[in-house]
Amino acid sequence: MDAPDSAAGSSGSSGGDSSGAASSTLRELVGFAAFCLLPLYVAGSLLYPMRVRALALPRRLFACSFSLSLCLLLLVLLDVGELLSATTRAALWRASLLAHLSLLVLWLPLAQIALLLRRTTGVSVSRAVGLAAPPLLAWLYAFYRIGDPFPVDDSAVVASDSLSAVLHLCLNRAGIIGVAVTAVMSGTGAVSAPAAALSRKLRPVGEAELRATERALLAALHTLLQGNRHLAVMRSRHEARLAAAAAAATAAAAAAATAATTVAGSASASSASASASAAATPPPP
């Protein structure tokens, strides 16, 4: 009797632990969606340009792409800091990757084709979505066949029809497209800048451009000569002002010296006359 009771107790405790872990994972998922994913979606909606806000579908797709892109960065930070449980992080990684790939492979091409058809033909939105189905199927077929020329391992897709296999297939094709686009853009930028610089240096110069350059050079020389003349005139005026100020200062000093000499002479004369008058006066009896 003791063995069955202990087995039942262990199974009950394991069931309780699994249910508690599942509830904790669910709370973490809901918290991440409420406090991270939803604010990022709102921020993406607000960052969408105001001039094209008349259509709601492009704004929502832009907000989804913006929120999912930043969600990947948040998941990397959460994985580095180990802020959530491993089960929650794995579920978030899988859900984010699935949403991102579905957005890139399915929803964005469908929206682009439908909006292009609606703009060119003027049909309704539902009719444009229906007309976009054949081009979308052609795009999905081309997306699947793009891995044929490359050594892409699709054994997981052949062996299993699970979600992981589909994600693996889509991720391989998306990686091929991303690497090809990055290589084309970087190669174009690396070649176009030197080509533009060399074309500006090596292009032939015509007579009209030579005359225009000569006129510009003559105009610059004329402006430089006028500036030198103006500078010489200002310098001569300044030197004249300095000479006049020096002459005025010299004249003022000479006048002050003359006045001082005159005052000293008159004082000596008055003192001599006073002494002479005192000598001529007889003493009292």
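Of note:
- Filtered residue count, the stretch 159-217, keeping only those that are within 33 Å of the chain's Cα centre (by Cα), among the charged types (D, E, K, R) and farther than 30 Å from L98 by Cβ: 2
- Condition met for W107 (within 30 Å of C36 (Cβ to Cβ), aromatic (F, W, Y) and either in contact with a Phe, Trp or Tyr (Cβ under 8 Å, 6 or more places away or on another chain) or at pLDDT 85 or above (or both)): yes
- Scanning the stretch 122-147 for residues that are among the polar types (S, T, N, Q) and either in contact with a Lys or Arg (Cβ under 7 Å, 6 or more places away or on another chain) or part of a loop (DSSP other than H, G, I, E, B) (or both) yields one hit, S124.
The values are calculated or read from the model by the stated rules, or taken from the named source; none is laboratory data. From a predicted model like this one, the values you see are computed outputs, not experimental measurements. Cβ: placed from backbone, ideal geometry, glycine included. Neighbour counts: every protein chain shown.
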